[in-house]
Amino acid sequence: MGDVGDSKHCLIRQIFETMSYGDDSENITEVTEWLKSKENRIFLHIGKKDEAPNGETLSIKNVNNDEALCNIFVPEAATVEAVLKKLGEAKNAWFEIVPFKRAEIIHKFGSEICKKQNLFAQLEVAIRGILSKDTKKVLPLLTDCLQYYSSFSLKYNSGNSSWKPEGLVVAILSDVNSLATFGYILGPCLAAGYNIILQTGPQLSLVASFLIEIAIQVGIPEDTIRLIPGDVDPNIFLIHPKVSVVSIFDDLYKEKYLVANHFNKKLINFYSSGIPMIIFDNCDLDSACHAVVNGVWGFTGMLPWSVRSIFVQENVFETFIQKLKHKIKEIRVGQSDKKNLDISSSLDNDALEKLVKIIEKAKNDGVEVFQSNNNAIPTLFIGGNVFHNNVIVEDAIKVPIVTLTAFRTINEAAALSNNTRQGLAASVWTESTSLANEIIGKLKVGTVWINSHGLFAADIPFSPFKSSGNAFFGGNEGFYEYVDVKSLKTETTSQVQNAESMEKAINEAKKAQDGWFKLDEFERMKNIQAIAQDIQKNKTWGLPENWINNWVTIIHDYISNQSSNIVKKKKSFNVVAIREPCGVIAIENSEDKEMHNKKLIIAALIEGNSVIILNDAKDTNDFYTFVTKLLPKGVLTLVSHSQEATKIAALHKELNVYIGEKNNKVFCSLPLKTSSKFKVVKTDEWYLIRNKVTLVKSVWFNKGLSFV
């Protein structure tokens, strides 16, 4: 019996030693066939698709083997101008389709994208070095956005039958955008009936071209979505009279965006160079280590919510480092065209060279650098935040790097995390509910994930804080960003004065706002209700009684219409969308007191903002002065409206939002990153007014797997 067993053992061993394994390479045959159907070229055509390409030629190569895949033709300015003119003057065939049919087509568009996920995955593998499994994780969010917003075609038309889109929407995307970004653009814009221009980076233009092809196949008219491949001067769109909305999914601090928004287009921005992860001593360190791998190096680290800084509580810092090093030694790393990998090491040559230089400089500066098998990916910078040490420039990074820094207290963790221009998101790891709730309030970001990372949903709104964006994305709020657009008129000349008053008002408002917001919301409401009672008792300002009574009515109306936070369930998560104030808001009041947006002022105050009123109606000064004295100092301030006051406001870093009813010469002369704080309010609907004076912080709480 022993001999038989030994012979069987030898036979099995021989089979395992000599057996051949299947090919572990990703098949990109579908990509090559698709590119052949496009004659291996992507370009902007003016009229017919078979016309000769024009512009600068760029060769797009497979990042895994450097083989040429196709040519991108970056169009000349004259070509872009011709296409904008053509689309702007042509009849909008998409909007002419009845709303219920548009909804059906958009929903089908999402379904077809889902069916073509393999080709999308192959494109991302070859062009951007993203693993197939990573693309298939994010693609459902693109599909969900389209199918969620498809219903808005009917919803908005039924309530606003006279509304129609004016002009074009232009979306500018760099090569480091996620596929999901297309959903946040195409979903609301198609539902609203817009024609859309997608101006993308060279690599992303292949994905955009395939999306447009699917759109046409499902019944969206050919000129509804047009592609401008490669980088072009954004000024073309900002000065063109047929463009009404410009959505920039890129860093407004780049040199090419240092242009002025002279025609005051509706500007939507979304960008982040990486987010923090905060790890407390009472969390599951092993789960946090697993999240680091996906959060830092998943999607080659190019997502806006990729982790760049990890802050670990001091008493578990060394333990966490050892666990993370052990985890990194186990992960499978390779080129994106290989299957069964954990992370991709496929970077283009420029990114790889930058990464190598950063690693070398960090070593020379005394930062501890950990690498697995001497590979550039993955790399850890331990014990010193290289962003703050100027080893790398935070807002220019396009390579997957993470720094690990110790902290002692919750306040220190919050301060470290907030010490950046980014305000997109943060990932927090703790088992303490009270600690989680405390850090949520201290973080100046639009999304907080508790014991999780990188979660978004089409129906959950979020709004990036600080320089990560100036709009809402997802949910009802994301749709209204594209329909709340107004044709603006030129501003009349204002007197130059009041610079010192405005400077003082902003500084006092900033000091007051934090304490005002820390009051319980109900306490703020009671403060405003008391003001309503005092207004009724003191009608001595020589103003029309109905104008004064209207303030009282509006105060009670807002309180009775106050909406609670949004709470939704997503599989094993409870998601709470919390309204937070924008901060310090300046509001213009015109000479005509009947045009004063009382609802806007009341909503801004009750939501926890400090408000500066730039008043042109001198006969109302006594009334506003009376109200300011009923509130804590700095919460409401009155300043005479002037061009000089506006200049101070526009350039002051502590002013968060400037709201006017018309075009503003000062803001239109500033770079996009500065002028983006200017907003126009043309509505008196509470829902839309609330969106102007608040941000939405989405918080994801894990309920546990037993709820799935």
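Of the residues making up region 56-72, just one is of a type in the set (Asp, Glu) and part of a strand (DSSP E or B), namely Glu56. Of the candidates Ile172, Ile196, Ile212, the single residue that is without any contact (Cβ under 8 Å) to a residue 24 or more places away in the chain, closer than 21 Å to Ile248 by Cβ and among the β-branched types (Val, Ile, Thr) is Ile212.
Count of region 394-422 residues, restricted to those that are assigned to a helix (DSSP H, G or I) and either modelled with pLDDT under 85 or farther than 30 Å from Ser344 by Cβ (or both), is 10.
If you go through region 580-591 one residue at a time, how many are under 16 Å from Val681 (Cα atoms) and not polar (S, T, N, Q)?
First, pick out the residues of region 580-591 that are under 16 Å from Val681 (Cα atoms): 582, 585-590.
The next check asks that each one be not polar (S, T, N, Q); those that pass are 582, 585-588.
The qualifying residues number 5.
Tallying residues that are closer than 20 Å to Ile613 by Cα and open to solvent by 30 Å² or more (accessible area, probe 1.4 Å) within region 653-676 yields 6. Applying the set (1) in contact with a Lys or Arg (Cβ under 9 Å, 6 or more places away or on another chain); (2) assigned to a loop (DSSP other than H, G, I, E, B) to Asp557 leaves exactly one unmet item: (2). Condition (residue is modelled with pLDDT of 90 or more, of a type in the set (A, V, I, L, M, F, W, C) and over 18 Å from Ile659 (Cα atoms)) applied to region 579-596: is it met by at least one residue? Within region 579-596 (the criterion being modelled with pLDDT of 90 or more, of a type in the set (A, V, I, L, M, F, W, C) and over 18 Å from Ile659 (Cα atoms)), the answer is no, since none of the residues qualifies.
Give the residue, chosen from Val125, Val74, Val98, Val80, that is closer than 20 Å to Trp34 by Cα and out of contact with any Lys or Arg (no Cβ under 8 Å at 6 or more places or on another chain).
Details: Val74 fails: closer than 20 Å to Trp34 by Cα; Val98 fails: closer than 20 Å to Trp34 by Cα; Val80 fails: closer than 20 Å to Trp34 by Cα.
Answer to the check: Val125.
Against the condition hydrophobic (A, V, I, L, M, F, W, C), modelled with pLDDT of 90 or more and within 20 Å of Lys677 (Cβ to Cβ), how does Ala532 come out, does it pass? No, not satisfied. Assessment of region 626-648 against the conditions (assigned to a strand (DSSP E or B), touching a residue at least 12 places away in the same chain (Cβ under 8 Å) and farther than 25 Å from Trp686 by Cα) yields at least one matching residue.
So which of His45, His107 ends up being open to solvent by 20 Å² or more (accessible area, probe 1.4 Å), in a loop (DSSP other than H, G, I, E, B) and not hydrophobic (A, V, I, L, M, F, W, C)? Break it down into steps so the answer makes sense when it comes.
Working: His107 fails: in a loop (DSSP other than H, G, I, E, B).
Exactly one residue qualifies, and that residue is His45.
In the set (1) in contact (Cβ under 8 Å) with a residue 60 or more places away in the chain; (2) aliphatic (A, V, I, L, M); (3) exposed (fewer than 13 other Cβ atoms within 10 Å of the Cβ), Ile535 fails one condition alone, (3). Those strands (runs of 3 or more DSSP E) of region 217-278 in which 2 or more residues are more than 16 Å from the chain's Cα centre (by Cα) and buried (at least 19 other Cβ atoms within 10 Å of the Cβ) occupy 225-229, 243-249.
Here's the yes/no breakdown for (1) in a loop (DSSP other than H, G, I, E, B); (2) modelled with pLDDT of 95 or more; (3) within 22 Å of Arg408 (Cβ to Cβ); (4) open to solvent by less than 10 Å² (accessible area, probe 1.4 Å):
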| residue | (1), (2), (3), (4) |
| --- | --- |
| Ala288 | no, yes, yes, yes |
| Gly298 | no, no, no, yes |
| Leu341 | yes, no, no, no |
| Leu355 | no, no, no, yes |
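Residue count for region 598-619 satisfying the condition of being in a loop (DSSP other than H, G, I, E, B) and either open to solvent by 10 Å² or more (accessible area, probe 1.4 Å) or of a type outside the set (A, V, I, L, M, F, W, C) (or both): 4.
The values are calculated or read from the model by the stated rules, or taken from the named source; none is laboratory data. These numbers come from a predicted model, not from an experiment. We place every Cβ from the backbone using ideal geometry, glycine too, and count neighbours over all the protein chains shown. Surface areas here come from the heavy atoms of the whole protein model, side chains and all, with no ligands, DNA or RNA. Shrake-Rupley method; radii C 1.70, N 1.55, O 1.52, S 1.80 Å.
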